[in-house]
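The values are calculated or read from the model by the stated rules, or taken from the named source; none is laboratory data. Worth saying up front: this structure is predicted, and the values here are computed from it rather than measured. Don't worry about glycine lacking a Cβ; one is built from the backbone with ideal geometry, like all the others, and counts go over all protein chains shown. For accessibility, only protein heavy atoms count, side chains too; no ligands or nucleic acids. Shrake-Rupley method; radii C 1.70, N 1.55, O 1.52, S 1.80 Å.
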Amino acid sequence: MPAAPLTMQVAGEGRPVLILHGGGGPLTVLPISDHVAAHMRALTPTLPGWNGEPRPDAIASVPDLAAACAAYLEQEDLTDVLVIGSSVGGWIASELAVNDRDGRISGVVILDGAGIDVEGEPMTDVFTLDPRGIAEKSFHDADRFYVDPATQSPEERATFSANLDTLQAVAGDPYMHDPGLRDRLRNVQIPVLVIWGDSDGIFTPAYGRAYAASFPNATFTLVKDAGHLPQLEQPAATMALIDRFAAS
């Protein structure tokens, strides 16, 4: 496994919940972390390469990120872990579940996840879009969430650019998927909840349905009036789905 220590925010007590962000960084999963910490133990890493965290040469792909997360679970000897992943974090969650030979993970929640190739459902290439274009594809209500780079500090613009560079380095080729992952998902026996925003313009709801169907024990649920980050646009509906799944 790559020797990449994770910068981990830990809050709350109880069942461990590993919460994995996507290309937008840890702020995109902050509502989940805050909610989970009220009744479980929220473990939220800032993944290597995001928000100024160093990315060792050993971290060159999403499977490498997943291996670093798996090493953390082993190091802390965590069991009955619920893994929640958003976007590329959903891809990491899938990789963790596929490779969980020690049975540490007992459930997975994927929110608008990357990771597989679905014929007839092309993925939007975010690397070809400007910030406004990314917002248009990412949100049901882009005007509410778009941040004009002209209003940001130089440091904020640099962080946004560096995060995209990291995303491209680990998930750009092949674009946002592992060609072999979908076939391996059939080996995941634990329950999986796949949550999708009905207005996601990055990965379509049909892509999400195919993602869920690739697992033997998965449920697919659409969140109305939400895009690629339903936890930001429709937090109450999204948290209710996560709570119900965690309790089951």
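Residues in region 149-164 near a label at Asp130, defined as backbone nitrogen under 12 Å from the 7 Å Cα→Cβ point?
Those under the cut-off are 149-150.
Which trypsin sites (Lys or Arg not before Pro) in region 49-141 pass both tests, a DSSP loop state and at most 15 other beta-carbon atoms within 10 Å? Could you put the intermediate results ahead of the total?
On the way: sites: Arg101, Arg104, Arg132, Lys137; in loops: Arg101, Arg104.
Here the trypsin sites (Lys or Arg not before Pro) that fit, given the DSSP loop and packing criteria, are Arg101.
Classify region 134-175 as rounded, prolate or oblate, taking a ≥ b ≥ c as the square roots of the eigenvalues of its Cα gyration tensor: rounded when a/c is under 1.5, otherwise prolate if a/b is larger than b/c and oblate if not. Show your work: numbers first, answer last.
Numbers: a/c = 4.29, a/b = 1.25, b/c = 3.42.
Here region 134-175 falls in the oblate category.
Take every Cα pair under 8 Å in the chain that's 6+ residues apart, average their separations, divide by the length, and report that relative contact order as a whole percent.
Working: 513 pairs, mean separation 50.1, N = 248.
Once divided by the residue count of the chain, the mean separation gives 20 percent.
Anyone know which of Gly23, Gly208, Gly227 comes out most mobile in the 10 Å Cα GNM of the chain?
Gly23
Enter the accessible area per residue of the chain (Å², integer; probe 1.4 Å; all protein chains in place).
Numbers: 10770 Å² over 248 residues.
Accessible surface, normalised per residue, equals 43 Å².
Relative contact order of region 154-215: what whole-number percent is it, with Cα pairs under 8 angstrom and at least 6 residues apart?
Values: 24 pairs, mean separation 19.5, N = 62.
About 31 percent, as a whole number.
Taking a temperature of 10 °C and a viscosity of 1.306 mPa s, what whole-number D in µm²/s does Stokes-Einstein yield for the chain with Rh from Kirkwood over alpha carbon pairs? Mind dumping the intermediate values first?
Details: Rh = 17.8 Å.
The estimated diffusion coefficient comes to 89 µm²/s.
Normalised radius of gyration for region 34-174, please: alpha carbon Rg relative to 2.2 N^0.38 Å, two decimal places. Walk me through the intermediate numbers first.
Working: Rg = 16.5 Å, N = 141, 2.2 N^0.38 = 14.4 Å.
The value comes to 1.14.
At most 16 other Cβ atoms within 10 Å plus a DSSP loop assignment makes a site exposed; report the longest stretch of the chain without any exposed GluC sites (Glu not before Pro).
Working: sites that count: Glu13, Glu76, Glu119.
The segment 120-248 is the longest one with no such site.
Using a 1.4 Å probe on the protein chains only, how many percent of the accessible area of the chain belongs to carbon and sulfur?
49 percent
If we sort 184-192, 52-60 on the protection proxy, mean other Cβ atoms within 10 Å, highest first, what's the order? Walk me through the intermediate numbers first.
Working: 184-192: 16.8, 52-60: 14.4.
So the peptides 184-192, 52-60, ranked by packing, come out 184-192, 52-60.
What area, in nm² and to one decimal, does the C-alpha convex hull of region 93-209 cast on average over all directions?
Values: hull surface 34.6 nm².
Taking the Cα atoms of region 93-209, their convex hull projects to 8.7 nm² on average.
Can you pull out the trypsin sites (Lys or Arg not before Pro) in region 206-246 whose DSSP state is coil and whose Cβ has at most 16 other Cβ atoms within 10 Å? Please list the in-between numbers first.
Values: sites: Arg209, Lys224, Arg244; in loops: Lys224.
Hits after loop and neighbour filter: Lys224.
Mean residue ellipticity at 222 nm from the helices of the chain, using -39,500 (n - 2.57) per DSSP H segment of n ≥ 4 over the full residue count, to the nearest 500 deg cm²/dmol? Before the final figure, lay out each step's value.
Details: 10 runs with 92 residues, N = 248.
Counting only the DSSP helices, I get -10500 deg cm²/dmol.
Is region 189-248 rounded, prolate or oblate when judged by the Cα gyration tensor, a ≥ b ≥ c being the square roots of its eigenvalues, rounded requiring a/c under 1.5 and prolate requiring a/b larger than b/c?
Working: a/c = 2.97, a/b = 1.15, b/c = 2.58.
Because a/c hits 1.5 or more and a/b fails to exceed b/c, region 189-248 counts as oblate.
If you put +1 on each Lys and Arg Cβ and -1 on each Asp and Glu Cβ, how big is the dipole of region 37-128 around its Cα centre, in Debye rounded to 20?
On the way: 4 positive and 15 negative charges, 58 e Å.
That gives a dipole near 280 debye.
Hand me the chymotrypsin sites (Phe, Trp or Tyr not before Pro) from region 202-248 located in a DSSP loop with no more than 16 other Cβ atoms within 10 Å, in residue order please. The partial results should precede the final answer.
Working: sites: Phe203, Tyr207, Tyr211, Phe220, Phe245; in loops: Phe203.
The qualifying sites: there are none.
Can you bin region 149-248 into rounded, prolate or oblate? Criterion: square roots of the alpha carbon gyration tensor eigenvalues sorted a ≥ b ≥ c, rounded for a/c under 1.5, prolate for a/b above b/c, oblate for the rest. Each step should come with its number before you reach the end.
Details: a/c = 2.31, a/b = 1.37, b/c = 1.69.
It is oblate, given that a/c is not under 1.5 and a/b is not larger than b/c.
Based on a Kirkwood Rh over C-alpha pairs, give the Stokes-Einstein translational diffusion coefficient of region 1-115 at 25 °C and viscosity 0.890 mPa s in µm²/s.
Numbers: Rh = 13.7 Å.
The Stokes-Einstein estimate is 179 µm²/s.
Would you work out the relative contact order for region 46-124, in percent, from Cα pairs under 8 angstrom that are 6 or more residues apart? Could you put the intermediate results ahead of the total?
Working: 97 pairs, mean separation 21.4, N = 79.
Once divided by the residue count of region 46-124, the mean separation gives 27 percent.
Summing Lys, Arg as +1 and Asp, Glu as -1, what charge do residues with Cβ under 15 Å from the Cβ of Gly52 carry, Gly52 excluded? Can you show the working numbers first?
On the way: positive: Arg55, Arg157; negative: Glu53, Glu155, Glu156, Asp165.
My count for the surroundings of Gly52 gives -2.
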